[in-house]
Each structure stands twice: as C-alpha cells, then as structure tokens.
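The values are calculated or read from the model by the stated rules, or taken from the named source; none is laboratory data. Note that the coordinates shown come from a computational prediction; the quantities given were computed from them, not determined experimentally. Using ideal geometry, Cβ is built from the backbone for each residue, glycine included, and neighbour counts are taken over all protein chains shown. The area values use the complete protein model at the heavy-atom level, side chains included, leaving out ligands, DNA and RNA. Shrake-Rupley method; radii C 1.70, N 1.55, O 1.52, S 1.80 Å.
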Amino acid sequence: MTDYFNSNYPSIDALRIKAKQRMPKFAFEYLDGGCFSEINLQRNTQDIRDIQLQPYYLRDYQGTSLKTELFGETYDAPFGMAPIGLQGLMWPKSCEILAQAAVDHKLPFVLSTVGTASIETIAEITAGKFWFQLYHPVEGKLRDQILERAWNAGCRTLVILADTPTFAYRPKEIKNGLSIPPKMTLNNILQMCTHPTWSLSQMVEGTPEFKTMKSYIPKGLNIKHLGMFMNKTFSGRLTEDKIKVLRDAWKGNLVIKGIVNPEEANLAVELGLDGLIVSNHGGRQLDSGQSTVDALGGLQAYKGKIKIMMDSGLRSGPDIANALATGADFTFVGRAPMYGVGALGKKGGNHTFTMLKRQLQQVMEQVGCEQVSDFPKHLIKP
C-alpha cells in the first residue's frame, strides 16, 4: 500500500475534481474554501508558483535523497500531514486514514485538538510518533489535562496555534450552516442524499465528533449548544505569558504555528521554542495578509536559530521544492491529502503521498539537487 499510485489521478487538481464529485457540497466547501473573498487562499499558491529554480546540468551529480532530519527523527520526505479539524466531516475516518498513510510513508502526522480521532487512537496508529496541535483552552486545568494525555500517549512535539485569535468569517460555511454555532439545513440533507457513498460511510462510522474533547463536553448538548461550548472553551488570544507557561510545562519540542513576521519569530527564539511554522491557516483566517512563502522569505535571519517550517498553499511536489528553496526546513500539506481521501477513500492518503514524493524527486533530479537542504542553492532570487 505504501507505493500505491492511481494513474488516473496524477495531480492534486485531478484529485480535487474527483473529491468534489464524491463529497456533499457543504463538506467539500468546508475543505476547499477560505475566508471572505478567498484572495489569500489563491495568493498562497500563486506566489509559490512565481518562484523559479536554477538547474545545473553539467555538475557532478551523485543522486537524490528526500530524507530529512527534524527534531532527531529522520523522515522519508521533507513534508508531513498538517493538522486539520473536523476531517471526519469531510470524509469518514479520514483522520485515521491519513495517520496510517503518514506512518506508511514515514512522515510526521499532526493531530488537531478539534480532529475527529482521539489522541489515544492516533497514538495507537502511529505507535506514539505523532505531533499534537493545541488550540489553547481558556482554562489552565483543561490545558494541563490535554497536555498530559498527549505526553502519556507518546507525543513529543507540541504545536501551539497562534493564528486563530477569533473565529473566521467564511461565507461558504455560514451559508452551509457550518459556522459557530452550526446548523443542519434542508439543502445539506438533500446533498447527503445525492452522495450515497459518503452518506453510507458516515452511517457506518457514526456522526463525526471532537474525539479528543469528547470527555470534557457536557452530555446531552444539541448541535447549537455544542458550538457555543467550543466557542467559549477556546476563545482567546495566544500571548507571551501563555507561551512561557507552555514552555515550562512541555518537556518535548515546542513549535508555534502561524508566525509570519520577524518580530514574533524573534520572540519565539527568545522564549526558547524549537520551531515555528509559517502559516496563514490556509487562507482561512485573514484575506488581506501575506502569502506564506512571501512571509517565509522575510524570516531567513532566524535560519539556524530555530527550525523554520511552512504550510498553506502547497499543492504539488514543485510547490514543496519552491518552499524549500525559499528557506523552509520542512513543509506540511493539508488540503492535498484530504482531496486524495475524498477522491479515493482509504487509498487516498497513500496515493497522495506517493505522488508528492515522485514529483519532488523529479524536480530534484532535474535541477541537480542531491539533498533537500541544498534547495536554496537553486533559488533564482528576484
């Protein structure tokens, strides 16, 4: 299964088209959409693809290796599975499918606090080798309980989220009833009826739930009050004081996600964090912000002081190559593998990771890049 590849879907665009056909519209738009006018959603990928690489054809070339070391682990490629909330809404059991695919391909898998598989389930699938992304709770007691569960399950890399100080304004989700609090509309029910594969799978697997949070949620809440509970539980901005508490409490690697400016990158270094992920939440929070690759280019003064990673907008092997050339030590993909699962079900994660590896390998061989860390030598600077 590790090398599974379906030649009918040789690109993420092809997977996206197939996933759109197989998923109810409200589920697909939750995966595919951004905030407001979706300007930054498009800017992310477009700016990545404006980058140009310099090939060298006459140099000695000893072959290519995608293997990448990060926090003492060696991964088979310089990308991992980004955290996604409510995966099970988009495709049943997709969180577990993608965790297993990450294990098969020896890639890091990041579980979201609001994922649809529990910490313990993902720990079992990954043998404890997973990352956990924390939406910072309002109450310190709840924070400590979640961190203890993650640590006891084997997690040694904690990702704290900085770029969601408020719930986003996403017109498609609002129209589809997936805002906070959520609601089920007649139109959504009709969409489910016209997508029997998705609907039957949901019936078999059960209604998607926030599995990690399930034990903390009062029983008997209807969907409206569940949304209000989640809103109240996680509302608030990540601050320097909160980060200091987390740094003292967490003995493993501590990574902050959502950093896009030098001032806060410098603060992350000063606070003793181990890594930062340049991210704008996939264009789902701020429409008028920078693209992630543009922000990445402005943080190279911190290279070597802290691991610099990037997500948002990466839809192909060449996209990953361009991010690495711009200075990322590592990258994460989110929508791309989810399109794979939406298109191909249980085989979608393995197909997507196989394809991205093949595409990245081809780029490296074409430009004469032997090691992932050599990509910046191939960047054509504007």
Estimate the FRET efficiency between MET203 and LYS20 by the formula 1/(1 + (r/R0)^6), using the beta-carbon distance for r and 22 Å for R0, to the nearest 0.05.
0.50
Can you order the peptides 200-213, 321-334 by their average number of other Cβ atoms within 10 Å per residue, highest first?
321-334, 200-213
Can you say what percent of the DSSP beta bridges in segment 31-158, counting only those with both residues inside, are antiparallel? Round to 5.
35
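Given contacts defined as C-alpha pairs under 8 Å and at least six residues apart, what's the relative contact order of segment 329-382, whole-number percent?
Details: 22 pairs, mean separation 11.4, N = 54.
It comes to 21 percent, rounded to a whole number.
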Highest mean packing first, using Cβ neighbours within 10 angstrom, the peptides 292-303, 52-63 sort as 292-303, 52-63
Within-12-Å neighbourhood charge of PHE234 [Cβ basis; K, R +1; D, E -1]:
+2
Counting only protein heavy atoms with a 1.4 Å probe and every protein chain in place, the carbon and sulfur fraction of the accessible surface of segment 1-118 in whole percent equals 47
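Tell me the mean residue ellipticity at 222 nm calculated for the chain from its helices only (DSSP H runs of n ≥ 4, each -39500 (n - 2.57), averaged over every residue, nearest 500). Mind showing how you got there, number by number?
Values: 17 runs with 167 residues, N = 382.
Helix contribution divided over all residues of the chain: -13000 deg cm²/dmol.
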FRET efficiency for ARG59 and LYS106, Cβ-Cβ distance as r, R0 = 22 Å, nearest 0.05?
0.15
Residue order for SER11, SER118 - accessible surface, 1.4 angstrom probe, largest first:
SER11, SER118
In the neighborhood of TYR56, defined by Cβ-to-Cβ distances under 15 Å, what is the net charge if each Lys or Arg adds +1 and each Asp or Glu adds -1?
-2
Mind checking which of PRO10, TRP91, HIS378 is farthest towards the positive end of the chain's charge dipole, using Cβ charges of +1 (Lys, Arg) and -1 (Asp, Glu) about the Cα centre?
TRP91
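Assuming 0.36 nm per residue, please report the length gained on full extension of the stretch GLN366 to THR166 beyond their Cα-Cα distance. Please list the in-between numbers first.
Working: separation 200, 0.36 × 200 = 72.00 nm, distance 4.35 nm.
Additional length available on full extension: 67.7 nm.
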Which length gain, in nm to one decimal place, applies between TYR216 and GLU264 when the Cα-Cα distance is subtracted from 0.36 nm times their residue separation?
14.1 nm
Go through (1) 105, 38, 34; (2) 67, 50, 40; (3) 87, 59, 32 and flag the label whose value is the computed Cα extents along the principal axes in Å for this structure.
(2)
Counting only protein heavy atoms and a 1.4 Å probe, tell me what percentage of segment 329-369's accessible area is made up of carbon and sulfur.
44
Förster-model FRET efficiency, 51 Å R0, GLU73 and THR185, C-beta, rounded to 0.05
0.70
Using a basic spin-label model with each label point 7 Å from the Cα along Cα→Cβ, how many nm lie between ASN152 and GLN42?
4.9
Determine the relative contact order of segment 111-240: mean sequence separation of Cα pairs under 8 Å and six or more apart, normalised by residue count, in whole percent.
36
Env charge @ VAL260, Cβ radius under 15 Å, K,R +1 / D,E -1, value -4
What nm value, rounded to one decimal, do you get for the distance between THR194 and GLU120 when each label is placed 7 Å out toward the C-beta?
4.1
Per the rule of 0.36 nm per residue minus the C-alpha distance, extending THR239 to ASP50 adds in nm 64.6 nm
Roughly how many Å² is the accessible area per residue of the chain, as a whole number, for a 1.4 Å probe?
45
